[in-house]
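Peer 1: Just passing along the structure, written as structure tokens.
We did not get these values from a lab; they are worked out from the coordinates using the rules stated. Worth saying up front: this structure is predicted, and the values here are computed from it rather than measured. Methodologically, a virtual Cβ is constructed for each residue, glycine included, from the backbone with ideal geometry; neighbour enumeration extends over all protein chains shown.
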Amino acid sequence: MQLSRSLKNVIFIELLLPISLLVIGIYHGLMQTIYRSGAIHQAAAVHLDYYQGLTLHGVINAVVLTTFFAVAFGHATMGYYLKKEPNKTVSWLSLWLMVIGTLLAAWAMLSGNASVLYTFYPPLKAHPLFYLGAALLIVGSWVAFFDWAVMYMKWRKQNPDKKMPLAVLGTLVNFTIWFVCTLAVAYEVLVLLIPWSMGWTKEINVTLARTLFWFFGHALVYFWLLPAYIMYYTILPKVAGGKLYSDLAGRIGFFLFLLLSIPVGVHHQFSDPNIEKGTKFFQAFLTFGVALPSFITAFTIAASLEYAGKMRGSKGLFGWMNKLPYLDTKNYLFAYMISGLILFIFGGLTGIVNSSVQLNNVVHNTAWIPGHFHMTVAGPVFLGIIGMSLYLISTLQGKKIFLPGINVIVPYLWLIGVLIFSTGLMWGGLIGEPRRTNLGMTYLNPSSSLYHPQWVPTTLLALAGGIIMTISGLLYFIVFFGTLFSKKTEESILEFPESESYHEEKRVALLDSFKPWLVIMAIIILIAYVPAILNVEKNSGPGAPTFLPNNPTPGSR
Ligand code: HAS
């Protein structure tokens, strides 16, 4: 499909800006492992302190990169499958809002006025422009979504008998989840945080803010994940050399995410005393439920890959695994996706450990948690994003991949790095190593009375993994920018490898319509969140004063 210059430019900026910022994001990831390993015993390096670096790392990698990519990929999939481009003015408006928001938040973080980590929990307080920047980034992404919804409704009118393309279903489900969950964080930012940060209110209700944040925060992780799932269902079977085992399974999976992504946020608050046991157990139960669409995906994609292996001549029960195109430089998307899937086996299983109220007591706020989430957000999500960004840049610009042999190795190196890194973190977590702590200042400083030598091997393992991840990241930048700055040699088009279905499945009306699912979604959210908000109302103590990240005593700005 030929795209207009305008849409090409929008997608180009939406990919290039966050990938360029990723240089800072990856640098601060490496710095985290260095601080934590005890290699340095100071609060800051290169004029940026530990919490400032951790905030930049989380916000750039987990919020800015993922949101820009979801919108760019959404423009591409909606345009490609509905055969119509998104509205020009609306897509530029969306882009500008997101860029201005990112610049405001970046200024606040780089100037040291927003070292509040990506969760911005009060009573840590940031400059109002940080909150405003985050809000603009979100509103910008909504604007693009509203336009896609209109595009879809027009398409539906013109094509009443056609199945909704799976990638369109996935994109609309994803942004519906995003729109609903961000309403809570918008309330938190506009009603609680900005007035408090401006000094108009003196104290803040910490539990209410945390509950609103996590209403958004867990759905956020599926907003990160679903673009990768769209790739797994609609692209991976094709690049593996096979077919999608079941398109219906994909539809069921996406709709289950619509129902269950939001009403599980309290599983991040199992240790919050203000939320009562019944609410916690109910949301723990729903959390086991939200693993179901991922199990469905695991079996459907494994069956699709098995079929691909058999088409390539494999024999025996597991022979298909040896026949897949792991190192095919032309089919490099396969390497990025399979590496993400392998990581997600472990990322998913550790998530299920977290979701049990009892086991969560052992791992909450320990290094186990970043161990879990680097095998999810730095696994299928990150690898899907960087692989697809490279693919879109090269096809939309008509440029050949620079150093294709290196490109295909990048995801495997990243996979090895993350496995080592996360093993170090999870092992450390199980023996009490805390997360979000500059261990080199105390626990891993031999001259401190708090020295904990048992965390030396675990943090060194994480450091080794971090170094491998950084090398992989550097190689990716060489390939990405090398491709970007190379000469145009091919026609510039938008084309996705499209997986065919293995079975000819009938159209099921229920799986082709949003209305019933939206109603059930609203009911489950109400059942899960009305008790949580009532608990907060009943059990919140007096408002909290401000805390600064590097000082455990209350202060004010
Ligand atoms: Fe999580 C904390 C529970 C999924 C991210 N999670 C976090 C945090 C982040 C995060 C960032 O219940 C920390 C937040 C913070 O800063 O405090 N998580 C879960 C559960 C799932 C889950 C049950 N998480 C994710 C995903 C994330 C993510 C996805 C990012 C994208 N998580 C929790 C809980 C906490 C938590 C608690 C709070 C902990 C605390 O105390 O603070 C599930 O969705 C996971 C289901 C996944 C599966 C795996 C399916 C496997 C697949 C691969 C198949 C492989 C194939 C290849 C086919 C069941 C699909 C085969 C081929 C070969 C050749 C081998």
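Peer 1: So if each residue of separation counts as 0.36 nm, and I subtract the Cα-Cα distance between Phe295 and Ser449, what length gain in nm does that give? Provide the component values of the computation, followed by the final result.
Peer 2: Numbers: separation 154, 0.36 × 154 = 55.44 nm, distance 4.66 nm.
Stretched fully, the Phe295-Ser449 segment lengthens by 50.8 nm.
Peer 1: Oh, and also: Kirkwood Rh over Cα pairs of region 302-344 into Stokes-Einstein at 25 °C, 0.890 mPa s: D in µm²/s? Display every interim value, and only then the final one.
Peer 2: Values: Rh = 10.7 Å.
Rounded, D is 230 µm²/s.
Peer 1: Right, something else. Report, by chain and number, residues whose modeled amide H sits under 5 Å from the one on Leu124, excluding near sequence neighbours (fewer than 5 apart, same chain).
Peer 2: Phe547
Peer 1: Taking N as the number of residues in region 419-490, what is its Cα Rg relative to 2.2 N^0.38 Å? Kindly include the intermediate steps, with their values, before the conclusion.
Peer 2: Working: Rg = 18.2 Å, N = 72, 2.2 N^0.38 = 11.2 Å.
In units of the globular-protein estimate, region 419-490 measures up at 1.63.
Peer 1: Calculate the dipole size of the chain relative to its Cα centre from +1 charges on Lys and Arg beta carbons and -1 charges on Asp and Glu beta carbons; express the result in debye to the nearest 20. Write down the numbers at each step before the final one.
Peer 2: Details: 35 positive and 22 negative charges, 156 e Å.
Using Cβ point charges on Lys, Arg, Asp and Glu, the chain gives about 740 debye.
Peer 1: Mind jotting down a quarter of the surface of the convex hull over the alpha carbons of region 41-106, in square nanometres, one decimal?
Peer 2: Numbers: hull surface 22.0 nm².
Taking the Cα atoms of region 41-106, their convex hull projects to 5.5 nm² on average.
Peer 1: Distances over 21 Å make up what percent of all Cα-Cα pairs in region 360-450? Show your work: numbers first, answer last.
Peer 2: Details: 2035 of 4095 pairs.
The proportion of pairs with Cα distances above 21 Å equals 50 percent.
Peer 1: With +1 assigned to the C-beta of every Lys and Arg and -1 to the C-beta of every Asp and Glu, and no other charges, what is the dipole magnitude of region 403-557 about the Cα centre in debye, to the nearest 20? Present the calculation step by step, with values, prior to reporting the outcome.
Peer 2: Values: 9 positive and 10 negative charges, 151 e Å.
For region 403-557, the charge dipole is close to 720 debye.
Peer 1: Using 1/(1 + (r/R0)^6) with R0 = 51 angstrom and r between the beta carbons of Gln358 and Arg507, what's the FRET efficiency to the nearest 0.05? It would help to have the intermediate numbers written out before the result.
Peer 2: On the way: r = 44 Å, r/R0 = 0.86.
So, using R0 = 51 Å, E works out to roughly 0.70.
Peer 1: Kirkwood Rh, Cα Rg: Rg to Rh for region 433-545?
Peer 2: 1.20
Peer 1: Along the charge dipole of the chain, pointing to its positive end and built from +1/-1 on Cβ of Lys, Arg, Asp and Glu, which listed residue (Thr423, Ile275, Phe216) has its Cα farthest out?
Peer 2: So the residue we want is Phe216.
Peer 1: Through the Karplus equation 6.51 cos²θ - 1.76 cosθ + 1.60, θ set to phi - 60°, convert the phi angles of region 445-454 into ³J(HN,Hα) values in whole Hz; use x for Gly and Pro.
Peer 2: After applying 6.51 cos²θ - 1.76 cosθ + 1.60, I find 10, x, 8, 8, 5, 8, 3, 10, x, 5 Hz.
Peer 1: Provide the packing ranking of 318-326, 249-257, 514-522, i.e. peptides ordered by the mean count of other C-beta atoms within 10 Å per residue, highest first. Could you put the intermediate results ahead of the total?
Peer 2: On the way: 318-326: 16.3, 249-257: 22.6, 514-522: 13.8.
Most protected by this proxy first, the peptides run 249-257, 318-326, 514-522.
Peer 1: Once you've got the Cα coordinates, tell me which of Lys163/Lys238; Lys8/Lys400; Lys8/Lys487; Lys323/Lys488; Lys515/Lys538 are over 24 Å apart.
Peer 2: Numbers: Lys163/Lys238 20 Å; Lys8/Lys400 17 Å; Lys8/Lys487 17 Å; Lys323/Lys488 33 Å; Lys515/Lys538 34 Å.
Beyond 24 Å: Lys323/Lys488; Lys515/Lys538.
Peer 1: How big is region 57-204 by the Kirkwood estimate over distinct Cα pairs, in Å? Present the calculation step by step, with values, prior to reporting the outcome.
Peer 2: Values: mean 1/r = 0.0608 Å⁻¹.
Averaging 1/r across every pair of different Cα atoms and inverting gives 16.5 Å.
Peer 1: Also, I was wondering about something else. Report, ordered by chain and residue number, the aspartates and glutamates lying within cross-link reach of Lys330, taken as a straight Cα distance under 18 Å and ignoring same-chain residues fewer than 8 apart.
Peer 2: Those aspartates and glutamates meeting the cut-off are Glu490, Glu491, Glu495, Glu498.
Peer 1: Then there's this: Can you check what the Kirkwood hydrodynamic radius comes to for region 76-143, Cα pairs only, in Å to one decimal? Could the numbers behind the result be given before it?
Peer 2: On the way: mean 1/r = 0.0757 Å⁻¹.
Computed over region 76-143, the radius equals 13.2 Å.
Peer 1: Considering only C-alpha atoms, what is the centroid distance from region 159-218 to region 252-302, in Å?
Peer 2: About 17 Å separates the Cα centre of region 159-218 from the one of region 252-302.
Peer 1: Answer with one residue from Asn535, Thr546, Phe295: the one whose Cα lies farthest towards the positive end of the charge dipole of the chain, charges on Cβ with Lys, Arg +1 and Asp, Glu -1.
Peer 2: Farthest towards the positive end: Phe295.
Peer 1: Okay, helix-only estimate at 222 nm for the chain: each DSSP H run of n ≥ 4 adds -39500 (n - 2.57), divide by all residues, round to 500 deg cm²/dmol; what do you get? Show your work: numbers first, answer last.
Peer 2: On the way: 19 runs with 356 residues, N = 557.
Helices in the chain give a 222 nm mean residue ellipticity of -22000 deg cm²/dmol.
Peer 1: Among Phe344, Gln52, Tyr35, pick out the residue whose Cα is farthest towards the positive end of the charge dipole of the chain, where Lys and Arg carry +1 and Asp and Glu carry -1 on C-beta, about the Cα centre.
Peer 2: Phe344
Peer 1: If each of Lys400 and Glu203 carries a label point 7 Å out from its Cα toward its Cβ, how far apart are those two points in nm?
Peer 2: With each label point 7 Å from Cα toward Cβ, the separation is 6.8 nm.
Peer 1: Let me ask you something else. Translational diffusion coefficient, Stokes-Einstein: compute it for the chain using the Kirkwood radius over C-alpha pairs as Rh, at 37 °C and 0.692 mPa s, and state it as an integer in µm² s⁻¹. Display every interim value, and only then the final one.
Peer 2: On the way: Rh = 24.1 Å.
Once the numbers are plugged in, D ends up at 136 µm²/s.
Peer 1: Still on this structure: Mind ordering 534-545, 73-84, 15-26, 223-234 by average Cβ neighbours within 10 Å, highest first?
Peer 2: 223-234, 73-84, 15-26, 534-545
Peer 1: Sort 391-402, 500-511, 122-133 for me by packing, meaning the mean count of neighbouring Cβ atoms within 10 Å per residue, highest on top.
Peer 2: Numbers: 391-402: 18.3, 500-511: 12.0, 122-133: 22.7.
The peptides rank, most packed first, as 122-133, 391-402, 500-511.
Peer 1: While we're looking at this one, here's another question. For a quick check: with amide H placed at 1.01 Å from N, whose amide H comes under 5 Å from Ile204's, ignoring anything fewer than 5 positions away on the same chain?
Peer 2: The list, which skips near neighbours in sequence, is Ala544.
Peer 1: Please report, in cubic angstrom per residue, the volume enclosed by the convex hull of the alpha-carbon atoms of region 133-236.
Peer 2: 103
Peer 1: Mind pulling up the Rg/Rh value for region 488-534? Radius of gyration and Kirkwood radius, both on Cα.
Peer 2: Working: Rg = 20.7 Å, Rh = 15.6 Å.
Taking Rh as the inverse mean 1/r over Cα pairs, Rg/Rh reads 1.33.
Peer 1: In cubic angstrom, how much convex hull volume per residue do the alpha carbon atoms of region 154-292 span? Don't jump to the answer; show the numbers that get you there.
Peer 2: On the way: hull volume 20.5 nm³, N = 139.
Spelled out: Cα convex hull of region 154-292, divided by residues, is 148 Å³.
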